[in-house]
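J.: For reference, the structure I am asking about is given below.
Where a number appears in this text, it was derived from the coordinates with a stated rule and is not lab data. In this text the structure is predicted, and so the values were computed from the model without any measurement. Counting neighbours? That spans all protein chains shown, and the Cβs are built from the backbone with ideal geometry, glycine included.
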Amino acid sequence: MEILGLTALELGEKIQKREISVREASEAALAQAQAAEPAVNSYVTLDPEGALRQADEIQKKIDAGDLNSPLAGVPVAVKDNMCIKGQLTTCSSKILSNFKPVYTAEAVRNLQKAGAVILGKTNMDEFAMGSTTETSYYGPTKNPHNTAYVPGGSSGGSCAAVAAQECFGALGSDTGGSIRQPSSFCGVVGMKPTYGTVSRYGLIAYGSSLDQIGPITKDVADCAAFLEVIASHDPKDSTSIRREDYRFTEALTDDVRGMKIGIPRDYMGEGLDSEVREAVMAAAKVLEERGAVIEEFDLGLVKYAIPAYYTIASAEASSNLERFDGVKYGYRAGEYEDLHNMYKKTRSEGFGAEVKRRIMLGSFVLSSGYYDAYYLKALRVKALIKRAFDAAFEKYDMILGPAAPTTAPELGKSLSDPLKMYLGDIYTISVNLAGLPGMSVPVGKDSRGLPIGMQLIGNVFQEKKLLRAAYTYECATGKQFEQAAQIGTAAGSRAGESGAESVQADTAKEAHQA
């Protein structure tokens, strides 16, 4: 338990000082994962043998003085839409249930080069399409703080794994809030960097112009350290940007004096839960007391962000998911009459309902007669949203608001109303449309004990300002990472609540891991 209570940087320091071995750290994380998994279901694939083999190899390099990264020997997890050579990578979908890539995603390679131990692949909404991690073929992930509630999505597995102390940090991907919203629901720190900062090579695409890989950690210092490791220019990714400065840990200074922070009135009005509003405004007050200048302003165009986002994201998904047809890799239907029939049956059986819904929507908005009316119009709105943010950043260093309008909803309450689920992304999707950095920081809990997250949004390449403000908030409040209590017992008591669903999920996981 002593090891599990450490942050990634604290653990890395103890490993460098030989106070804890890499194997000890990995065994502690694996033991916690195996204890919590029946209740939480954070992982699709957990690789104990591979993790311990990595641990021993990394320990030899540390002992030889060849590896001194602050994350060397730290056990981490990776969202299951990032390729790892030879390891099952499924996007939590039946259609990729047997897919083993022949290469590794660049962001994961950067972690490996830094000496991190990859424990396994985390659960997610199928192809990252969802906000609750309930659309996974391998069953829903549960919120470690209360397993009757969702962890958020689509990176819910990664966020739940960090919250449940099943790893010391994780990678997620963010297309419209998929790191920040589940980080808020699970009480962890999550960052979506500026588009192009982290290579998308090896990330199985949902919306190519929106997707971005980012870190999910226990605290802000860990977030900066992980970002420093995974960010790099990659010639294999045509959207990758060469930045002059990747030293994100330099931003960890307790000082926001003179920093101007804007709070959009559009974010704090109708539809926002009162407890979330109070917690976010209290956090803003803390920054103001530390010397920041806080002002409310009108951002505008907020109500147009959701239709624009789902039009663009679904159009790109429709195109990206064409490649999953059962021909070269992945699932193939057992019985079919001819090639076209094989395509249809494979995709009908392989994709879940939410993925089919978005493919159909995307195909519709790209079709003849509707392309101009919907898709081109959405692109124009995207440009207007970027212009609105540009105007705001002429006046403010960053924007502060909630990460989500409510705390985590109960399991099973969101999928019955997809439109309501889509509206839950109202505060996060504009960041992806504009290619901006954003992060979620825990700022308290509601009356049910569920975490609340504050979102900080910066101008392009201004991650350091966000880290500085978030770190100042942490220092001012003395907020420490809070483990979800008694996961193995309290969570386990609710494990039988969705019997048939759990059996189906367990069967799928067993077949998958076999």
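J.: Set the Förster radius R0 to 45 Å, insert the Cβ-Cβ distance between Glu349 and Arg265 as r into 1/(1 + (r/R0)^6), and round the FRET efficiency to 0.05.
T.: 0.40
J.: Name every cysteine in the chain that ends up alone, with no second cysteine's Cβ under 4.7 Å, or say none.
T.: Isolated Cys, the chain: Cys83, Cys91, Cys167, Cys223, Cys475.
J.: What's the local net charge at Tyr329, with K and R +1, D and E -1, over the other residues with C-beta under 13 Å away?
T.: Summing Lys and Arg as +1 and Asp and Glu as -1 gives +3.
J.: Does anything in region 1-35 have its amide N under 14 Å from the 7 Å Cα→Cβ label point of Asn68, and if so which residues?
T.: 13, 16-18
J.: In addition: So, by mean Cβ neighbours within 10 angstrom, what's the order for 360-369, 283-292, 134-143 with the highest one leading? Write down the numbers at each step before the final one.
T.: On the way: 360-369: 15.1, 283-292: 17.5, 134-143: 28.1.
Answer by packing, highest mean first, reads 134-143, 283-292, 360-369.
J.: Could I ask something else about it? In nm, to one decimal, how far is the Glu13 label point from the Tyr246 one, both placed 7 Å along Cα→Cβ?
T.: 2.4 nm
J.: Quick one: which of 177-189, 116-128 comes out on top by average Cβ neighbours within 10 Å, and what's the full order, highest first?
T.: In descending order of packing, they fall as 177-189, 116-128.
J.: Now, a different point. Each residue of region 463-479 in order: what ³J(HN,Hα) in whole Hz does its phi give by Karplus 6.51 cos²θ - 1.76 cosθ + 1.60, θ = phi - 60°, with x for Gly and Pro?
T.: With coefficients 6.51, -1.76 and 1.60, one gets 4, 4, 5, 5, 4, 5, 5, 5, 5, 4, 4, 4, 5, 5, 9, x, 5 Hz.
J.: If you don't mind, another one. Just to compare against my own numbers: the Cα pair-distance distribution for region 168-304, 5 Å bins, whole % per bin, please.
T.: 2, 9, 14, 17, 20, 18, 13, 6, 2, 0
J.: For the chain, what is the mean residue ellipticity at 222 nm derived from helices alone (per DSSP H run of n ≥ 4: -39500 (n - 2.57); sum divided by total residues; nearest 500 deg cm²/dmol)?
T.: Mean residue ellipticity at 222 nm (helix-derived): -12000 deg cm²/dmol.
J.: 7 Å from Cα along Cα→Cβ at both Leu419 and Arg357: what's the point-to-point distance in nm?
T.: 1.1 nm
J.: May I have the pair-distance distribution P(r) for region 250-290, computed from all Cα-Cα distances with 10 Å bins from 0 and rounded to whole percent?
T.: 25, 45, 25, 5
J.: When the Cα atoms of region 288-334 are enclosed in a convex hull and the volume is divided per residue, what value in Å³ results?
T.: Numbers: hull volume 8.3 nm³, N = 47.
Residue-normalised Cα hull volume stands at 177 Å³.
J.: Starting from the Cα gyration tensor of region 163-224, multiply each eigenvalue by 5, take the square root, and state the resulting semi-axes largest first in whole Å. It would help to have the intermediate numbers written out before the result.
T.: Numbers: eigenvalues 83, 27, 21 Å².
In descending order the semi-axes read 20, 12, 10 Å.
J.: While we're looking at this one, here's another question. Does region 59-213 come out rounded, prolate or oblate by the C-alpha gyration tensor, with a ≥ b ≥ c the root eigenvalues, rounded set by a/c under 1.5 and, if not, prolate when a/b is larger than b/c and oblate if not?
T.: Prolate shape, in that a/c is at least 1.5 and a/b is the bigger ratio.
J.: Cβ neighbours within 10 Å, averaged per peptide: list 332-343, 194-205, 18-29 in order, most packed at the top.
T.: Result, highest mean Cβ count within 10 Å first: 194-205, 18-29, 332-343.
J.: Sticking with this one: Grab the Cα-Cα distance for Glu2 and Gln34, subtract it from 0.36 nm times how many residues apart they are, and report the gain in nm with one decimal.
T.: Extra length available between Glu2 and Gln34 comes to 9.8 nm.
J.: Now a separate question. Percentage of Cα-Cα pair distances in the chain greater than 29 Å, rounded to whole percent?
T.: Details: 60574 of 131841 pairs.
Pairs farther apart than 29 Å: 46 percent.
J.: A follow-up question, please. Would you mind calculating the relative contact order of region 338-488 from Cα pairs under 8 angstrom and at least 6 residues apart, reporting the percent as a whole number?
T.: Values: 119 pairs, mean separation 30.4, N = 151.
Taking the mean separation of contacting Cα pairs over the length of region 338-488, I get 20 percent.
J.: Please grab the % of Cα pairs in region 311-470 that end up more than 27 Å from each other. Display every interim value, and only then the final one.
T.: Values: 5832 of 12720 pairs.
Counting pairs separated by more than 27 Å, the tail of P(r) holds 46 percent.
J.: Round to the nearest 0.05 the FRET efficiency obtained for Ala148 and Glu278 when R0 = 30 Å and r is the Cβ-Cβ distance.
T.: For Ala148 and Glu278, the calculated efficiency is 0.80.
J.: Work out the FRET efficiency for Glu288 and Val327 from their Cβ-Cβ distance, taking R0 = 60 Å, and round it to the nearest 0.05.
T.: Details: r = 58 Å, r/R0 = 0.97.
The value I calculate is 0.55.
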